[in-house]
Amino acid sequence: MSDRLKGKRAFITAASAGIGRASALAFAREGAEVIATDINEDGLQALAAAGITTTARLDVRDSAAVKAFAAKTGTIDILLNAAGFVHNGTVLECSDDDWDFSFDLNVKSMHRTISAFVPGMLAAGKGSIINIASAAGVYKAAPNRYVYSATKAAVAALTRAVAIDFITKGLRCNCICPGTIETPSMLDRAAALGAGGRDMFVSRQPMGRLGTADEIASLAVYLASDESAFTTGVAHIIDGGWTL
């Protein structure tokens, strides 16, 4: 531990698994006080057992619950928005309900948390917001990712909008655009494809392997730390060369 985040308070959504979990643990190792939230209570219990002192169930699709939780939590230094869902299919497989759900969870949840926590950051004159986007939709088209890509492009635009609006107020906002990362949800999608599903995902990665959640978390630590104080409004790609 090098205490890169010592003295900082970090709030994380979708912290029970994947990138959110890896980031919660990485932030804690670097000295941050981590407030880990999710709807997966079993995952939260596992985080608590791993040493995260503050865990709580929170549905980021519930505006009133997010506002109340932010009011109870108080001022934070770091906001990591990791909640998201990968819808599979083209426009032909995307119903209105699919569209609304994806935008509500992947984009509006970030609006909810940002609007709830930004006032405290502005009062403190500092803060780093990190949104999990994707290489898909921001840097590259991916097949069967119609609404998912649309939501992630929106996340990148939302990130820039927040960054420019508060650029003189000590508040920074960046997003991370991963390629294919080996997480529980990704492995579930691979399994749904049947035998060879995981190999298919690996085959499209120029490095010949999937990324890890810990690799994404390392970038999140940098963006959360004062080392990135001159960085805002950027969509940081970390994809193993997938978009080359």
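Annotations for the structure displayed:
- Candidate set from the stretch 207-224 (those that are more than 13 Å from the chain's Cα centre (by Cα) and among the hydrophobic types (A, V, I, L, M, F, W, C)); member that is farthest from Gly241 (Cα to Cα): Leu210
- Selection of the stretch 187-206 for residues being assigned to a loop (DSSP other than H, G, I, E, B) and farther than 21 Å from Thr243 by Cα yields Leu193, Gly194, Ala195, Gly196.
- Counted residues, the stretch 225-244 - those being outside any loop (DSSP other than H, G, I, E, B) and in contact with an Asp or Glu (Cβ under 8 Å, 6 or more places away or on another chain): 1
- Residue among Ser115, Ser102, Ser149 that is surrounded by fewer than 16 Cβ atoms within 10 Å (Cβ to Cβ), over 18 Å from Ala224 (Cα atoms) and not aromatic (Phe, Trp, Tyr): Ser115
- Tally, over the stretch 194-223, of residues that are among the basic types (Lys, Arg) and touching a helix residue (DSSP H, G or I) at 6+ places or on another chain (Cβ under 8 Å): 2
- Selection within the stretch 160-209 - closer than 23 Å to Ala17 by Cβ and buried (at least 21 other Cβ atoms within 10 Å of the Cβ): Asn174, Cys175, Ile176, Cys177, Pro178, Gly179, Thr180, Ile181, Thr183
- Residues (among the small types (Gly, Ala, Ser), in contact (Cβ under 8 Å) with a residue 40 or more places away in the chain and either assigned to a helix (DSSP H, G or I) or in contact with a strand residue (DSSP E or B) (Cβ under 6 Å, 6 or more places away or on another chain) (or both)) located in the stretch 98-149: Ser102, Ser109, Ala116, Gly120, Ala123, Ala124, Gly127, Ser128, Ala133, Ser134, Ala135
- Among residues of the stretch 58-81 being of a type in the set (A, V, I, L, M, F, W, C) and within 22 Å of Gly7 (Cα to Cα), the one that is farthest from the chain's Cα centre (by Cα) is Ala71.
- Long-range neighbours under 8 Å by Cβ, at least six apart or interchain, first residue under 12 Å from Ile216 (Cβ atoms) within the stretch 18-29, second of a type in the set (D, E, K, R) and crowded, with 24+ Cβ neighbours inside 10 Å: Gly20/Asp38
- Hits in the stretch 79-97 (condition: surrounded by fewer than 18 Cβ atoms within 10 Å (Cβ to Cβ), assigned to a loop (DSSP other than H, G, I, E, B) and of a type outside the set (Val, Ile, Thr)): Phe85, Asn88, Cys94, Ser95
- Residue-level check: of (1) closer than 26 Å to Phe117 by Cβ; (2) modelled with pLDDT of 95 or more, Val147 misses just (1).
- Matching residues in the stretch 152-186 - criterion: being of a type in the set (A, V, I, L, M), assigned to a helix (DSSP H, G or I) and under 30 Å from Glu227 (Cα atoms): Ala153, Ala154, Val155, Ala156, Ala157, Leu158, Ala161, Val162, Ala163, Ile164
- Criterion (assigned to a loop (DSSP other than H, G, I, E, B), under 25 Å from Gly211 (Cα atoms) and not aromatic (Phe, Trp, Tyr)) met by exactly one of Ser16, Ser23: Ser16
- The stretch 10-33, subset surrounded by 24 or more Cβ atoms within 10 Å (Cβ to Cβ) and aliphatic (A, V, I, L, M), residue farthest from the chain's Cα centre (by Cα): Ala32
The values are calculated or read from the model by the stated rules, or taken from the named source; none is laboratory data. Being a predicted model, the structure only gives us computed values, none of them experimental. Because the Cβ atoms are built from the backbone with ideal geometry, glycine has one as well, and the counts that use them run over all protein chains shown.
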